[in-house]
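Below you'll find the structure, written out as structure tokens, and then a few comments.
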Amino acid sequence: MTPVIRSVALLSALGAGWLAAAGAGLDEVDRSPVYGFFITALLGFGLYASTSGIVIAEFRRQLGTVVVAVTLGVLAKVALIFGAVFFVFREPEHLVLAVAVAQIDPLSVAAMRAGSRMSDSAKALLSAWASFDDPITVLLTVYLTAFALRGGAVGGVGSFAVNLLLNLALAGVAFVLWALVRGRVRRAEAGGRAVRYAVRAVMVVAVLALGFVAVQHSLLLALALLGLFFRPDLGRWVDGLAEVGMFLATAAVGLVLAAEFSWALAGVGAVLGVAAFGAQAVVAFALTVPRQWRGDRVRLALGQQNGLTAIILALLLEPTFPGAIAVVAPAVIVVNLLHAAANGLHDRLTSPTPTLARSTHPSPHPTPSTP
């Protein structure tokens, strides 16, 4: 899918969600439990799909860079985004909105991975970055909201710690289960087609069951960890479903935006989106100074994508900061359009130009024709 077609498809999905909400008169769709479960499930699938495609050897090799990216990198991006938006609007409350768009959407990364020209090392870095920066942005949302309100907050560090422990517990249960069956799975993969398909089906059911528990209790970090080891061999199905999920997520943004849209807040969102895309470029260039990243620096710098995590954080902030959704949703669209346009232009500029080698002298020994 070319960047132009992808941009048109994203805008079409957004418009479809918008028209569906307007036609059905859905004014408070974001407060529906069904909508909340739907977008959380999409986000959970995005986390799993993103980490399940990581080459584990590359992930281990780049672990230090990943840790820096999801800690100091996230903080640096928040500072850069807020600095740019504050310079334009002079509103301290925009600090929490900067947090909402500082992370990279794992579902979008998973959807784009198959057609990416990045090396395996760069794919591992970007996928892990997108999958594990979510907890950091949630924690920042708690603290920076408290700072912005000077005492008010949308959560607490105690509840965050409990949630983190539950995530690790669920991932630990899944890992024990995998350790018990992985030998049998490997033997089954070496057997006949019927046995292979049966084992893969059982593994898919297990992943779905674990995923349902994770989504039901908002234990999404566990799904990101699950994708590092519990991997049914589904070929290209995961990447294909990730691409479908990305468009469903964009339509979900349209459902919310239909009731919340205003031109003034959309202007703030546009600036926020441009700032988020630029902040990724600055931080990625800083992280990829070593020579090994020379061929991937630009693609990593153009890797910012936003989606469901930003929308979920905006829904969390909306009761305290009215208009958060109306700002963040346009920012998500702006970031994704910038991503499509910038990466398409970079691919065009760096595509090798085919040349025909012409010989100025005929060969003295012509090659005999082969029947």
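Values quoted throughout were computed directly from the atomic coordinates according to the rules given, and no laboratory measurement underlies them. Keep in mind that what you see is a predicted model, and the values were worked out from it rather than measured. As a convention, Cβ positions derive from the backbone with ideal geometry for all residues, glycine included, and neighbour counts pool all protein chains shown.
Arrange the peptides 31-42, 280-291, 237-248 so that the one whose residues have, on average, the most other Cβ atoms within 10 Å appears first. Don't skip to the answer; put the middle values down first.
On the way: 31-42: 15.2, 280-291: 16.9, 237-248: 18.6.
Listed from highest to lowest mean packing, they are 237-248, 280-291, 31-42.
Using DSSP H assignments, which helices in the chain have an axial alpha-carbon span of 15 Å or above and a mean Kyte-Doolittle hydropathy of -0.5 or higher? Walk me through the numbers on the way to the answer.
Numbers: long enough: 3-24 (31 Å, 1.40); 33-52 (28 Å, 1.19); 74-89 (22 Å, 2.58); 120-132 (18 Å, 0.53); 134-149 (22 Å, 1.62); 157-189 (45 Å, 1.12); 193-216 (34 Å, 1.58); 237-260 (35 Å, 1.42); 263-287 (36 Å, 1.93); 324-350 (38 Å, 1.25).
Result, helices passing both filters: 3-24, 33-52, 74-89, 120-132, 134-149, 157-189, 193-216, 237-260, 263-287, 324-350.
Name the residue, out of Val162, Val327, Val204, whose mean-square fluctuation peaks in a Gaussian network model built on the chain with Cα pairs under 10 Å.
Evaluated over the chain, the most mobile residue of the options is Val162.
Under the 0.36 nm per residue contour assumption, what length would be gained going from the current alpha-carbon distance of Leu72 and Leu180 to full extension? Let's see the in-between values first.
Numbers: separation 108, 0.36 × 108 = 38.88 nm, distance 3.69 nm.
Gain on stretching Leu72 to Leu180: 35.2 nm.
Set the Förster radius R0 to 45 Å, insert the Cβ-Cβ distance between Ser12 and Leu168 as r into 1/(1 + (r/R0)^6), and round the FRET efficiency to 0.05. Present the calculation step by step, with values, prior to reporting the outcome.
Working: r = 40 Å, r/R0 = 0.89.
After rounding, the FRET efficiency stands at 0.65.
Subtracting the Cα-Cα distance from 0.36 nm times the residue separation, let me have the gained length for Leu208 to His346 in nm, one decimal. Walk me through the intermediate numbers first.
Values: separation 138, 0.36 × 138 = 49.68 nm, distance 3.77 nm.
Fully extending the segment from Leu208 to His346 adds 45.9 nm.
How would you rank 68-78, 307-317, 331-341, highest first, on the average number of other Cβ atoms within 10 Å across their residues? Numbers along the way, then the final one.
On the way: 68-78: 20.5, 307-317: 25.2, 331-341: 23.3.
So the peptides 68-78, 307-317, 331-341, ranked by packing, come out 307-317, 331-341, 68-78.
Roughly speaking, what is the stretch gain from Ile56 to Glu91, that is 0.36 nm per residue apart minus the C-alpha to C-alpha distance, in nm to one decimal? Provide the component values of the computation, followed by the final result.
Working: separation 35, 0.36 × 35 = 12.60 nm, distance 4.29 nm.
Separation in residues times 0.36 nm, less the Cα-Cα distance, equals 8.3 nm.
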